[in-house]
Amino acid sequence: MRNIVRLRTASTLLLTLVFLPIAVRAQSQTPGDGIGIGPIIGPAQPEVTRHQTTIPSIHVDVHLVNVFVNVTDARGAPVPGLAKDNFTLSEDGHPETIALFDREANMPLSIVLAIDTSGTVRKDMSIEEHAAREFVHSLLRPVDQLDLMEFSSEVREVVSFTNNLHQIDNGLDRLRGGPATALYDTIYLASQSLASRPGRKVLVLISDGDDTVKGVNYSKALEQALRSEVLVYSIIDVPIAADAGRDTGGEHALITLSQETGGKHYYAESTSLEKAFQQVSDDLRTQYLLAYYPSRHSTSPDFRTISVSLTPPNTTYNLRHRTGYYPTATAKATTKD
């Protein structure tokens, strides 16, 4: 019996000697040493700060330039049926690629009809009103809109942009007139109102070309029309062709304005106003649209010239379009000295 007790005591002592160092080591370990049950957690690592690299975005605003072109033959009749490949186009002498082409320019029309109601043309007012009414009824489509203005000593908007024929007719009945003529103010303000309009932007002027109000000068009126991409059609009301009192300088200014913007001028006596309006309508219905993205990306605000020609060349055809454009839409008003 005593031998058995001694044996058990010796076994217990042996087991104690074997496992005691292990237990001591286990208690002395930190959780990060991987001893024990559970996930092994490695030693703490220094915090790494990640800096995200921001790539700056590059924004290039490339403006689509619309060029409306009228092609007529030697008799002045429109030339239909031309294709995109029949035209070549350049900006400041550099060839450009035509990105968009359309026949007869089906784009909507935004029109300002501005009627001179000053004393020099007052006697033709009833005829002008009737001719203007016929023009509006024959030209306007549901997608088109017209703004009616009158100008004499000041510029007055009679009817804002609408395609409601009844409103326009009522506006034509409310023209009142005045003694002076603010012609260039009218061109400037009408062009500004058209600048943000969609589609083709057209100013139709009825006047004798006289400007007697000290306001915006001719050069700024022309500049604003070009900046706003407005086609100016001038119907020059000349009651007596050989009248010594005619303002031929004013007439020439309207002719130049129409040529520079790609529009057209018409001389009209009181008996031929309806015919002049019909010619404007026909001209707007027979345009070609050429549009391009300028290949040279310049931040210069200077005027850029546009040239259009036919391929193959045809000397019997006449091309009419605006002479160029400004990259920005607003001109600073400058009054006459």
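Across the stretch 124-153, which residue is nearest to Val213 (Cα to Cα) among those that are assigned to a loop (DSSP other than H, G, I, E, B) and of a type in the set (A, V, I, L, M)? Even if it seems obvious, please write down each step before you answer.
From the stretch 124-153, those assigned to a loop (DSSP other than H, G, I, E, B) are 140-144, 152-153; that's our starting set.
From what is left, the residues that are of a type in the set (A, V, I, L, M) are 140, 143.
Values: Leu140: 32, Val143: 36 Å.
Only one residue fits best here, namely Leu140.
For the structure I just gave you, tell me whether Arg141 is among the basic types (Lys, Arg) and within 16 Å of Val202 (Cα to Cα). Show your work before the answer.
Values: among the basic types (Lys, Arg): yes; within 16 Å of Val202 (Cα to Cα): yes.
So Arg141 passes the test.
Can you tell me which residues in the stretch 137-153 are surrounded by fewer than 21 Cβ atoms within 10 Å (Cβ to Cβ) and over 24 Å from the mean Cα position of the chain (by Cα)?
The answer is His137, Ser138, Ser153.
Listed here are the residues, each with its yes/no results for (1) surrounded by 14 or more Cβ atoms within 10 Å (Cβ to Cβ); (2) in the same structural domain as Thr181 (by TED's automatic domain parsing); (3) modelled with pLDDT under 95; (4) more than 25 Å from the chain's Cα centre (by Cα).
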position	(1), (2), (3), (4)
Ala221	yes, yes, no, no
Ser228	yes, yes, no, no
Tyr267	yes, yes, yes, yes
Ser298	no, no, yes, no
Leu310	yes, no, no, yes
Thr315	no, no, yes, yes
Leu319	yes, no, no, no
Ala331	yes, no, yes, no
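Does Leu254 qualify as being buried (at least 20 other Cβ atoms within 10 Å of the Cβ) and not acidic (Asp, Glu)? Spell out the reasoning first.
Working: buried (at least 20 other Cβ atoms within 10 Å of the Cβ): yes; not acidic (Asp, Glu): yes.
The answer is yes for Leu254.
Exactly one of (1) of a type outside the set (Gly, Ala, Ser); (2) outside any strand (DSSP E or B); (3) surrounded by 16 or more Cβ atoms within 10 Å (Cβ to Cβ); (4) not assigned by TED's automatic domain parsing to the domain that holds Ser234 is unmet by Asp85. Its number?
That leaves (3) as the condition not met.
Which number in (1) surrounded by 15 or more Cβ atoms within 10 Å (Cβ to Cβ); (2) within 24 Å of the chain's Cα centre (by Cα); (3) within 30 Å of Ser295 (Cα to Cα) marks the one condition that Thr186 misses?
The number of the failed condition is (3).
Would you tally the residues in the stretch 62-74 being in contact with a strand residue (DSSP E or B) (Cβ under 6 Å, 6 or more places away or on another chain) and modelled with pLDDT under 90?
0
Just one of (1) modelled with pLDDT of 95 or more; (2) in a loop (DSSP other than H, G, I, E, B); (3) hydrophobic (A, V, I, L, M, F, W, C) trips up Ala180, so point out which.
(1)
Which condition breaks for Ala77 when tested against (1) buried (at least 16 other Cβ atoms within 10 Å of the Cβ); (2) aliphatic (A, V, I, L, M); (3) modelled with pLDDT under 95?
Only one criterion in (1) buried (at least 16 other Cβ atoms within 10 Å of the Cβ); (2) aliphatic (A, V, I, L, M); (3) modelled with pLDDT under 95 is unmet by Ala77, namely (1).
Just one of Phe68, Phe101 is among the aromatic types (Phe, Trp, Tyr) and over 30 Å from Asp208 (Cα atoms); which is it? So that I can check it myself, show each step before the final result.
Details: Phe68 fails: over 30 Å from Asp208 (Cα atoms).
Exactly one residue qualifies, and that residue is Phe101.
Restricting attention to the stretch 282-295, does a residue exist that is of a type in the set (A, V, I, L, M, F, W, C), in contact with a helix residue (DSSP H, G or I) (Cβ under 6 Å, 6 or more places away or on another chain) and either modelled with pLDDT of 95 or more or surrounded by 13 or more Cβ atoms within 10 Å (Cβ to Cβ) (or both)? Don't jump to the end; show me each part of the working.
Applying the first criterion (of a type in the set (A, V, I, L, M, F, W, C)) to the stretch 282-295 yields 284, 289-291.
Next, from what is left, pick out any that are in contact with a helix residue (DSSP H, G or I) (Cβ under 6 Å, 6 or more places away or on another chain): none.
Within the stretch 282-295 (the criterion being of a type in the set (A, V, I, L, M, F, W, C), in contact with a helix residue (DSSP H, G or I) (Cβ under 6 Å, 6 or more places away or on another chain) and either modelled with pLDDT of 95 or more or surrounded by 13 or more Cβ atoms within 10 Å (Cβ to Cβ) (or both)), the answer is no, since none of the residues qualifies.
Could you please give the count of residues in the stretch 183-218 that are in contact with a Phe, Trp or Tyr (Cβ under 9 Å, 6 or more places away or on another chain) and over 20 Å from Ile111 (Cβ atoms)?
Qualifying residue count for the region: 6.
The values are calculated or read from the model by the stated rules, or taken from the named source; none is laboratory data. Since the structure is predicted, the reported quantities are computational estimates derived from the model, not experimental observations. Methodologically, a virtual Cβ is constructed for each residue, glycine included, from the backbone with ideal geometry; neighbour enumeration extends over all protein chains shown.
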